[in-house]
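Heads up, the thing below is written out as structure tokens.
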Amino acid sequence: MRLAITHVTGYEYEGEVVASYNLARLTPRSVGGQLVLDHRIVVDPGVATFPSIDYWGTVVHAFDVHVPHRRLEVTGRSDVVTADAVGPPADAPGFDVLERDDVVDQFAELLAPSSMTAADEVVAALAGELRAGQSPVETVERVIEWVRDHVGYERGVTSVATPATGVLAARRGVCQDFAHLTVALLRAARVPARYVSGYLYPLTDGEVGVSLDGESHAWVDAWAGGWWSVDPTSGETAGDRHVRVAHGRDYQDVAPLAGIYHGAPSKSLMVHVDLTRLT
Amino acid sequence: MLSRIAESLYWIGRYVERAEDTARILDVHFHLLVEDRGAEAAESYRTLLRAMGLPSAVDAMDGQAVAALLTHNDTFSGSIATSLTSAWDNARGAREVISSELWECLNVTHRSLGSWDRYGAAPHEFLRWVKERAAMAAGLVDTTMSRDEGWRFLVLGRSVERADMTVRLLSARYGERWGAAGWRVLLRCCSAHEAFLRRHHGMVQPSLALEFLLTDSTFPRSVLFALREAETCVVALSAAAGPDRGGDAGRVLGRAAAELSYASIAEIDRELGDRLAELEAACNAAHEAVTRRFFRASVPIEWSA
Amino acid sequence: MGDLLDRYDLAGAFDEMFAAAGEPRTPYLGLVAHLETLSRSDLDDRCAMRDRAFRDQGITFALGGEEERPFPLDLVPRILAARDWTTIEAGVRQRVLALERFLADVYGERAILHDRVIPHRMVVTSAHFHREAAGIVPAGGVRVHVAGVDLVRDRDGRFRVLEDNLRCPSGVSYVVENRRAMTRVFPEMFQSHHVRPVADYPMRLLAALRATAPPAAGNNPTVVVLTPGVYNSAYFEHSFLARQMGVELVEGRDLVCRDQVVFMRTTNGEQRVDVVYRRIDDEFLDPVHFRPDSMVGCPGLLNAARAGNVTVANMVGNGVADDKAIYSYVPDMIEYYLGERPILDNVQTYLLEDPDVLAHALARLDQLVWKPVDGSGGYGIVIGPRARDHELDALRTRVLADPRGWIAQEPIALSTAPTYIDGSLAPRHLDLRPFAVHDGESVWVAPGGLTRVALPEGSLIVNSSQGGGSKDTWVIADPLAPASVAPSELPAPAPEAIDCTPLERGRQDPGPLVAPLDQQQQQQQQ
């Protein structure tokens, strides 16, 4: 599927901001079957952006604003051919392989809890239960199933800073929370896992040329002999409706817009994503 | 030169000069009144404190209390101890720009302040020490530092403070009618007594004394001299940025100096109150213009995420 | 006269001065002879002279809110024989080169991890592994511009590495100031010894900083020293280095980054900065990437470095290489990157992630030295044999909770040297921190380094933050080696850089080590 994506994000301030420094992660890359035909990023007030690739392989645009402004808006426009869904690896290995020293060492930072995916005793016990007697692939399936059965999709209950343990306690949340809890459970079950951010085209049979309101989306990569992208919000393998932008240990490694500023306090954060099917 | 460092140097110049001036003025007053215990004592202290920017708070103060306030009070920003500590504090942050000799001088001065806690009934020893230390600092500024930006900021601070102090001394006395004795005190406060006597061969006439303190072009503590020195510094400091002769700061200082130098003493005397108020305003305006031009934007910034 | 050494008891460790009671080691013969001519009151006079000089110059430090006191320099120097120094110099150089390669590797290709010489998890779980620095190629090719390698001497007199300091190693100003003070307080001691000078450290550092400036800076790059401010405990050193190098000492608020270029705010507007020798910890350096509440840093600095527009010295992220668990792999790095055998050995160290090792180490809880892996300044160290029971219990709990956060080491009986304490000379334990400067071409090790002394009797903690003192450290020039030649790239020294004593004329007694003319001239520069 070829998609045109417009992602607008930024801040409104209560008064004038005189300086700000920002990092934007809004740029899909051509990886794993995904093909990026065009991408540009525009900042208002107009400034130059400095692109680089971060530790996780994500494109980061850095920019700083030194003119007084009351509003900062960053727009990323992408033209992407999405990748088809790839299921779990054929002849996926068992936990004997996943728990081998070299494998554990290679994925050390994706097995260790991060600040938003720290496991408490409840998470650990649940992970142990879900994994008992299962292969790694089955464990992934059971974790996703459990999360979907027990956590309700609801906005406004959690915030951008809610960790996995908070999601488990609240039993409600949005895609970010589903992904964090899934990642935390998988890691506690000794399956290497990472948090993925990007976009989801909302319809399975959307009309070509019609733009749809969307939002940024989050899902999960699990490693079971090879990477397998699964979307705990929908319960499906991530496929041609998913556009991958970044992955990392948790949301903090992939935040679409982060930065610091000096001046009046911020009033609101705006996010608007618009997706148009091109083919 | 870094704006922050330039600002520190400017303030070192001001604070050292302020400590020295305060010491001299206090020394003169204190000993004058010990000598001549007239009924004017209270009034005399009031005048002194007015010059220091403390108009009314002091009705019930005797000489010792005033001396204590002006020497060691560390909550009063005009006290000698506060000035010397502030000079040291600024020097600490500018240590790699000032000469080691100057740093050591300010450091030793600051460190020794504590040992003067009890000077007993005779502050003279302490005041003399302050004057000596300040003279030493001034001498080291002139003998150990290149005539570069750093030196100019130090001299600029010193000159602005000096002009300001002399004007304020005169203002504090304005409105009183005093005779030769009063003028003698004032001349002494500015270290100008002997220079004045040599110039005018012994006769202390009020208009001559006023002229000397305001417009003498050779005596370094006259207001005109100090203003011209400050103007020279500002013009030189601005030279690298463009031929604007110091911008606002240069304009304010140059105009004040020109008005002083082209006015007759009779004119000045006639409108003395207004003239002194204008000069005081000019010193403040010069300070603000210097700050705007050279020191802007070097405050720590608090960032929000 | 001269009974200062009469009651000197060897403390059971390797003593720097005496091979056995009353038997001075060769390098110390002259010094012992001189000490024997001195009385207690002579030494007290010199101590007073030293304190006055330090106080007047403001060379002081404050311990936990106490009043500033003069830096505690012991007047008995520590002497390193030319042969020992040759080993140290080569060993430190080798280590710094290996660590430099390691840092370039872990923030780049990660070959040493893929080749399984060092486990991935050791690196990715290090508190000072900063992913923010991944992929940055430093403009000048150097990450470790300055290294301080802490050495101790074991019972057999062999030097061993205790830890590496690759972030903001401090103390070099004391090396230079100690020497300056000693030449003033004890000029006669230098007559009879050919001590290698240390005063050119700042010029060497400046040369290295300039050599590693971004190529676009041309041949006159602007270098600054970045300090957190006057309230930092090492401010004296920051100011010292800026002054001796003749560069601006800036605070974060003096800098501004625009479009990945760093400027400083001057009285004539903004001026471009090419090299930032920063003495601010990574976590506070750039609020865009690290702590956003830092008010001492400079936002945008890291991206400016990434863009190749500024050299940050030392580079962000170096802490991963001086993590005390990574330390135990340095010998492997030396073999992996340089194909050499380590010249200086480590201290026997146990990594506690392996449950078997952890169990063995905990069984010897009271025999080992325990250190937090990311600590510095001696904080958090527990010396098993000296710890009380409740301290050991608390330690056990903390180690069990975070085995990756701790290492255990076999205790080393640090060597001792006579130190002037309360009117007599008594043995005190000491270490040595040589300073190395890397300019991208070669590593220069300043002759000597900072000798730190644990002043309380029997104490092994030498850090000045923990009440340690220091000694002037003399490297005796090898009489056969040619006099050191100034590096050709050195800029003209600032007037203060070299402390020239006037040429002595008609000196009567040149002392026992009569040296050829060129070496005498060098000596006169001390």
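From the list B:L227, B:L276, pick out the single residue that is in contact with a Phe, Trp or Tyr (Cβ under 8 Å, 6 or more places away or on another chain) and touching a residue at least 24 places away in the same chain (Cβ under 8 Å). Give the steps one after another, and end with the answer.
Details: B:L227 fails: in contact with a Phe, Trp or Tyr (Cβ under 8 Å, 6 or more places away or on another chain).
Answer to the check: B:L276.
Condition (residue is in a helix (DSSP H, G or I), in contact with a strand residue (DSSP E or B) (Cβ under 7 Å, 6 or more places away or on another chain) and surrounded by fewer than 19 Cβ atoms within 10 Å (Cβ to Cβ)) applied to the range C:316-336: is it met by at least one residue?
yes
What are the residues in the range A:185-220 that are buried (at least 19 other Cβ atoms within 10 Å of the Cβ), hydrophobic (A, V, I, L, M, F, W, C) and either over 25 Å from A:D149 (Cβ atoms) or within 14 Å of the chain's Cα centre (by Cα) (or both), if any?
Answer for the range A:185-220, where residues must be buried (at least 19 other Cβ atoms within 10 Å of the Cβ), hydrophobic (A, V, I, L, M, F, W, C) and either over 25 Å from A:D149 (Cβ atoms) or within 14 Å of the chain's Cα centre (by Cα) (or both): A:A193, A:V196, A:L200, A:A218, A:W219, A:V220.
Counting only residues that are over 13 Å from B:V160 (Cβ atoms) and within 14 Å of chain C (Cβ to nearest Cβ), which one in the range B:255-294 is surrounded by the most Cβ atoms within 10 Å (Cβ to Cβ)?
So, considering only residues that are over 13 Å from B:V160 (Cβ atoms) and within 14 Å of chain C (Cβ to nearest Cβ), the one surrounded by the most Cβ atoms within 10 Å (Cβ to Cβ) is B:R293.
Determine which member of the set A:L126, A:L168, A:L181 is within 17 Å of the chain's Cα centre (by Cα), at negative phi and touching a residue at least 40 places away in the same chain (Cβ under 8 Å).
Result of the check over A:L126, A:L168, A:L181: A:L181.
Need the failing condition index for A:Y21 against (1) in contact with a Pro (Cβ under 6 Å, 6 or more places away or on another chain); (2) away from chain C (no Cβ under 14 Å), just the number.
The one condition A:Y21 does not meet is (2).
Looking at the range A:36-59, I want the residues that are farther than 14 Å from A:S78 by Cβ and have a partner that is in a loop (DSSP other than H, G, I, E, B) and of a type in the set (D, E, K, R) with Cβ atoms under 8 Å, at least 6 apart or on another chain. Which pairs are those?
Matching pairs, first to second residue: A:V47/C:D259; A:A48/C:D259; A:F50/C:D259; A:G57/A:R29.
I'm trying to understand the selection: among the residues of the range A:78-111, which are more than 14 Å from chain C (Cβ to nearest Cβ) and hydrophobic (A, V, I, L, M, F, W, C)?
Scanning the range A:78-111 gives A:V80, A:V81, A:A83, A:A85, A:V86, A:A90, A:A92, A:F95, A:V97, A:L98.
Do any helices (runs of 4 or more DSSP H) entirely within the range C:62-166 hold 1 or more residues that are under 24 Å from C:W444 (Cα atoms), and if so, which?
Details: elements: C:82-106, C:111-114, C:120-124.
Result: C:82-106.
Just give me the residues in the range C:396-430 being among the charged types (D, E, K, R) and not in a strand (DSSP E or B), in sequence order.
C:R396, C:R398, C:D402, C:R404, C:E410, C:D422
I need every pair where a residue in the range A:252-272 that is more than 14 Å from chain B (Cβ to nearest Cβ) has its Cβ under 6 Å from the Cβ of a residue that is aliphatic (A, V, I, L, M), sequence separation at least 6 or different chains.
A:V254/A:A246; A:P256/A:L26; A:H272/A:V8
Among residues belonging to the range A:104-145 that are β-branched (V, I, T) and surrounded by fewer than 17 Cβ atoms within 10 Å (Cβ to Cβ), point out the one that is farthest from A:A161 (Cα to Cα). Before the answer, list the steps.
Taking the range A:104-145 as the starting set, the residues that turn out to be β-branched (V, I, T) are A:104, A:117, A:122-123, A:137, A:139-140, A:143-144.
Subset that is surrounded by fewer than 17 Cβ atoms within 10 Å (Cβ to Cβ): A:104, A:122.
Numbers: A:V104: 28, A:V122: 20 Å.
Top of the filtered list is A:V104.
Exactly one of these conditions fails for A:P68: (1) surrounded by fewer than 19 Cβ atoms within 10 Å (Cβ to Cβ); (2) more than 16 Å from A:S229 (Cβ to Cβ); (3) touching a helix residue (DSSP H, G or I) at 6+ places or on another chain (Cβ under 9 Å). Give me its number.
A:P68 satisfies all of (1) surrounded by fewer than 19 Cβ atoms within 10 Å (Cβ to Cβ); (2) more than 16 Å from A:S229 (Cβ to Cβ); (3) touching a helix residue (DSSP H, G or I) at 6+ places or on another chain (Cβ under 9 Å) except (3).
When residues of the range C:219-255 are filtered for being among the acidic types (D, E) and more than 9 Å from chain B (Cβ to nearest Cβ), how many remain? Reasoning before the result, please.
Restricting attention to the range C:219-255, the residues satisfying the condition of being among the acidic types (D, E) are C:237, C:248, C:251, C:254.
Subset that is more than 9 Å from chain B (Cβ to nearest Cβ): C:237.
Qualifying residue count, the range C:219-255: 1.
When you check A:R148 against the structure, is it charged (D, E, K, R), farther than 22 Å from A:A83 by Cβ and surrounded by fewer than 20 Cβ atoms within 10 Å (Cβ to Cβ), yes or no?
On the way: charged (D, E, K, R): yes; farther than 22 Å from A:A83 by Cβ: yes; surrounded by fewer than 20 Cβ atoms within 10 Å (Cβ to Cβ): yes.
It is true that A:R148 is charged (D, E, K, R), farther than 22 Å from A:A83 by Cβ and surrounded by fewer than 20 Cβ atoms within 10 Å (Cβ to Cβ).
Test C:I118 against the criterion of being surrounded by 14 or more Cβ atoms within 10 Å (Cβ to Cβ), within 27 Å of C:T183 (Cα to Cα) and among the hydrophobic types (A, V, I, L, M, F, W, C), and give yes or no.
Working: surrounded by 14 or more Cβ atoms within 10 Å (Cβ to Cβ): yes; within 27 Å of C:T183 (Cα to Cα): no; among the hydrophobic types (A, V, I, L, M, F, W, C): yes.
No, not satisfied.
Evaluate the following for C:V225: is it crowded, with 23+ Cβ neighbours inside 10 Å and either of a type in the set (S, T, Y) or out of contact with any Asp or Glu (no Cβ under 6 Å at 6 or more places or on another chain) (or both)? Explain how you work it out, then say what you get.
Working: crowded, with 23+ Cβ neighbours inside 10 Å: yes; either of a type in the set (S, T, Y) or out of contact with any Asp or Glu (no Cβ under 6 Å at 6 or more places or on another chain) (or both): yes.
When the stated conditions are applied, C:V225 passes them.
Answer yes or no as to whether A:Y13 is within 9 Å of chain C (Cβ to nearest Cβ) and closer than 20 Å to C:P292 by Cβ. Step through it out loud before you land on a result.
On the way: within 9 Å of chain C (Cβ to nearest Cβ): no; closer than 20 Å to C:P292 by Cβ: yes.
Answer is no for this residue.
Residue by residue through the range C:389-425, note down the ones that are among the aromatic types (F, W, Y) and either in contact with a Ser or Thr (Cβ under 7 Å, 6 or more places away or on another chain) or crowded, with 23+ Cβ neighbours inside 10 Å (or both). Lay out the reasoning, then the answer.
Taking the range C:389-425 as the starting set, the residues that turn out to be among the aromatic types (F, W, Y) are C:406, C:420.
Hit for the range C:389-425 is C:W406, nothing else.
Looking for whichever is touching a Ser or Thr at 6+ places or on another chain (Cβ under 7 Å) and either modelled with pLDDT under 95 or among the basic types (K, R) (or both) here; the options are B:G242, B:G250. Which one fits? Give the derivation first.
On the way: B:G242 fails: touching a Ser or Thr at 6+ places or on another chain (Cβ under 7 Å).
The conditions single out B:G250.
Just checking, how many residues over the range B:54-88 are at pLDDT 90 or above and more than 10 Å from every other protein chain (Cβ to nearest Cβ)?
First, the residues of the range B:54-88 that are at pLDDT 90 or above: B:80-88.
Retained after the next criterion (residues that are more than 10 Å from every other protein chain (Cβ to nearest Cβ)): B:80-87.
Count: 8.
So, in the range C:263-305, how many residues would count as being surrounded by 24 or more Cβ atoms within 10 Å (Cβ to Cβ) and assigned to a helix (DSSP H, G or I)?
7
Please give the number of the condition B:S146 fails out of (1) assigned to a loop (DSSP other than H, G, I, E, B); (2) closer than 22 Å to B:R50 by Cα.
Among (1) assigned to a loop (DSSP other than H, G, I, E, B); (2) closer than 22 Å to B:R50 by Cα, the lone unmet condition for B:S146 is (2).
What are the pairs, 6+ residues apart or on separate chains, where a residue within the range B:96-113 that is more than 7 Å from chain C (Cβ to nearest Cβ) has its Cβ under 6 Å from a residue that is at pLDDT 90 or above and not in a helix (DSSP H, G or I)?
What qualifies is B:S99/B:M145.
Out of all the residues in the range B:89-140, which are at pLDDT 85 or above, within 22 Å of the chain's Cα centre (by Cα) and in a loop (DSSP other than H, G, I, E, B)?
B:A94, B:I98
Which pairs have Cβ atoms under 9 Å, sit 6 or more apart or on different chains, and link a residue in the range C:117-145 that is facing another protein chain (nearest Cβ under 7 Å) and under 19 Å from C:A98 (Cβ atoms) to one that is among the hydroxyl-bearing types (S, T, Y) and surrounded by 22 or more Cβ atoms within 10 Å (Cβ to Cβ)?
Qualifying pairs under 9 Å: C:P119/C:Y329.
Only residues in the range C:36-57 that are within 14 Å of chain B (Cβ to nearest Cβ) and at pLDDT below 90 count as the first member; pair them with residues that are outside any helix (DSSP H, G or I) and buried (at least 18 other Cβ atoms within 10 Å of the Cβ), Cβ under 6 angstrom, at least 6 apart or cross-chain, and list the lot.
C:D51/C:P70; C:F54/C:P70; C:F54/C:F71; C:R55/C:P70
Sort out which residues of the range B:102-116 are surrounded by fewer than 20 Cβ atoms within 10 Å (Cβ to Cβ) and under 14 Å from B:G139 (Cβ atoms), and write them in order of number.
B:E104
The values are calculated or read from the model by the stated rules, or taken from the named source; none is laboratory data. Every value quoted in this text rests on a predicted model; they were computed, and no experiment measured them. Please note: Cβ atoms are built from the backbone with ideal geometry, for glycine as well, and neighbour counts cover all protein chains shown.
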